[in-house]
1. Out of all the residues in the range 77-93, which are surrounded by 13 or more Cβ atoms within 10 Å (Cβ to Cβ) and outside any helix (DSSP H, G or I)?
2. Would you mind finding the one in 133, 72 that is farther than 27 Å from residue 170 by Cβ, in contact (Cβ under 8 Å) with a residue 24 or more places away in the chain and either part of a helix (DSSP H, G or I) or not assigned by TED's automatic domain parsing to the domain that holds residue 238 (or both)?
3. Among the numbered criteria (1) at pLDDT below 90; (2) crowded, with 16+ Cβ neighbours inside 10 Å, which one does residue 166 miss?
4. What is the one condition in (1) part of a strand (DSSP E or B); (2) under 14 Å from the mean Cα position of the chain (by Cα); (3) among the aromatic types (Phe, Trp, Tyr) that residue 249 does not satisfy?
5. Go through (1) among the β-branched types (Val, Ile, Thr); (2) surrounded by 15 or more Cβ atoms within 10 Å (Cβ to Cβ); (3) assigned to a strand (DSSP E or B) for residue 105 and report which single condition fails.
6. Name every residue in the range 187-211 that is surrounded by fewer than 13 Cβ atoms within 10 Å (Cβ to Cβ), of a type in the set (D, E, K, R) and touching a strand residue (DSSP E or B) at 6+ places or on another chain (Cβ under 9 Å), in order of residue number.
7. With respect to residue 83, is the statement that it is assigned by TED's automatic domain parsing to the domain that holds residue 163, without any contact (Cβ under 8 Å) to a residue 60 or more places away in the chain and among the aliphatic types (A, V, I, L, M) true?
8. Could you tell me whether residue 194 is at pLDDT below 90, over 30 Å from residue 144 (Cα atoms), of a type outside the set (Asp, Glu) and in a loop (DSSP other than H, G, I, E, B)?
Amino acid sequence: MENKSLSKTVILGTSLLLGLLLLGFFIFKGLKTFSDKDRVVTVKGLAEMNMMATSASINLKFSFSGDNLQDIIRLTDNKKKSIIAYLTSIGYSESAIQVNNIGVTDRQKYYENEWQNGQQVKTKIDRYTTEQILTVQSKEVKETENKSAKITLDLVSSDLTAEITTNYSFPELNSIKPKLIAESTKNARISGEQFANDSQASLGKIKTASQGQITIAGKYYSDAEGAEENEKPKEPYIQKARVVSTIVFFLE
């Protein structure tokens, strides 16, 4: 009987000791977790990526004005044919040339009032204005600016002056967005680890994260407010996408 009582006492004592040890461990972990909640570091991660245009186009716009609509439509049509003939002569196929419909503006009057020497006077204006645009598609995006400049000079020398502009088509932002965000997160973690090492701590899990707005900057376009000129690519066929993510890490 005494042996059984002693065994029960030992088992009870051991169980009580183990229970106290486990209780102490969980209390310690709880206090540590509670204290670690205040040990955080906030870092920013920058990611930038250049986007190359997938295609380009050269737009040629010309117009005529006058009081006889049929006459200026004929002039517009003749100029269109002459410019197309020139474009095909330098290697563009007719299938690569998009011809937009002629736009006609009718002011429905021949005079308008203007201020001259402090007095309103009637000034003769052309009633009709026609406008047409030819668009040349090109896959050689790097050569588009040079070709556009050559076309401008050639048309001026041939008395076929037109207003010439270039446009570029870029990949959809969604196609690079995941990679851009992953890169910004990676760079933020690098900064966080550097801070943790300097603080003789280790970087823990992410507490909170916020992604900044993805901005685009190019030679002729920018939606990045206050973007410096030296941050924009000099080539018109390249745009730079940029994002800054703010991440809060736990420190352990």
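1. Going through the range 77-93, the residues surrounded by 13 or more Cβ atoms within 10 Å (Cβ to Cβ) turn out to be 77, 79-80, 82-84, 86-88, 92.
Within the range 77-93, just 92 meets the criteria.
2. Details: 133 fails: farther than 27 Å from residue 170 by Cβ.
When all the criteria are applied, what remains is 72.
3. (1) is the only condition that residue 166 fails.
4. Unmet for residue 249, out of (1) part of a strand (DSSP E or B); (2) under 14 Å from the mean Cα position of the chain (by Cα); (3) among the aromatic types (Phe, Trp, Tyr): (2).
5. So residue 105 meets the others, but not (2).
6. 205
7. Numbers: assigned by TED's automatic domain parsing to the domain that holds residue 163: yes; without any contact (Cβ under 8 Å) to a residue 60 or more places away in the chain: no; among the aliphatic types (A, V, I, L, M): yes.
Spelling it out, it is not the case that residue 83 is assigned by TED's automatic domain parsing to the domain that holds residue 163, without any contact (Cβ under 8 Å) to a residue 60 or more places away in the chain and among the aliphatic types (A, V, I, L, M).
8. Values: at pLDDT below 90: yes; over 30 Å from residue 144 (Cα atoms): yes; of a type outside the set (Asp, Glu): yes; in a loop (DSSP other than H, G, I, E, B): no.
In short, no.
The values are calculated or read from the model by the stated rules, or taken from the named source; none is laboratory data. Everything quoted here is computed from the prediction, not taken from an experiment. Positions of Cβ are generated from backbone atoms using ideal geometry, with glycine treated the same way; all protein chains shown enter the neighbour counts.
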